[in-house]
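Colleague: Submitted below is the structure of interest, expressed as C-alpha cells.
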C-alpha cells in the first residue's frame, strides 16, 4: 500500500497533476471508514520530472466539536508530534507555513488532500 499510494506517480496523458493522488484512492479502493479520523496528505508536483509524490501525511482525529488532534512525524530522524487545532482551516494554515513543501518560484504549490479528496493548493492558506 505504501508505494502504491505514496510513491512517485506520473500524471496520465489527460490527467492534471492535482488529480493523481485522488485518482489513486479511487483506482485502488482506499478509504477511511471512521468519520472522526482523517488522513491529511500534502502532495507535491515536480515539473522537472513530471511526477507527483506525497511529501507529508498526518492523521487528524476529531476529539470534540472544536478540538482536533493532528499527529504527524516531521522527519525520519525526528519523533512524532501531536498538535491540537480548532478546525481544518487552522491546520492547513499551519502546514502552509512550512517552507519545505514549496519548490521554486512559479512552480505549482503543494496540493492538500483529506482522505483522498482534493481540497486545494496549500498556498491558499498562507
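Nothing in this text is a laboratory measurement; each read-out follows from the coordinates by a stated rule. These numbers were taken from a predicted model, which means no experiment stands behind them. Virtual Cβ from ideal backbone geometry, glycine too; neighbours counted across all protein chains shown.
Colleague: Show the residue pairs meeting these rules: Cβ distance below 7 Å; 6+ apart or different chains; first residue within the range 39-54 and in contact (Cβ under 8 Å) with a residue 40 or more places away in the chain and on the phi > 0 side of the Ramachandran plot; second residue surrounded by fewer than 21 Cβ atoms within 10 Å (Cβ to Cβ) and in a strand (DSSP E or B).
Modeller: Matching pairs, first to second residue: none at all.
Colleague: Among the candidates 91, 74, single out the residue that is free of Cβ contacts under 8 Å to residues at least 12 places away in the same chain, more than 11 Å from the chain's Cα centre (by Cα) and surrounded by 13 or more Cβ atoms within 10 Å (Cβ to Cβ).
Modeller: On inspection, the qualifying residue turns out to be 74.
Colleague: Another question about this same structure. So is residue 28 in contact with a helix residue (DSSP H, G or I) (Cβ under 9 Å, 6 or more places away or on another chain), under 30 Å from residue 106 (Cα atoms), surrounded by 10 or more Cβ atoms within 10 Å (Cβ to Cβ) and touching a residue at least 12 places away in the same chain (Cβ under 8 Å) or not?
Modeller: Answer is no for this residue.
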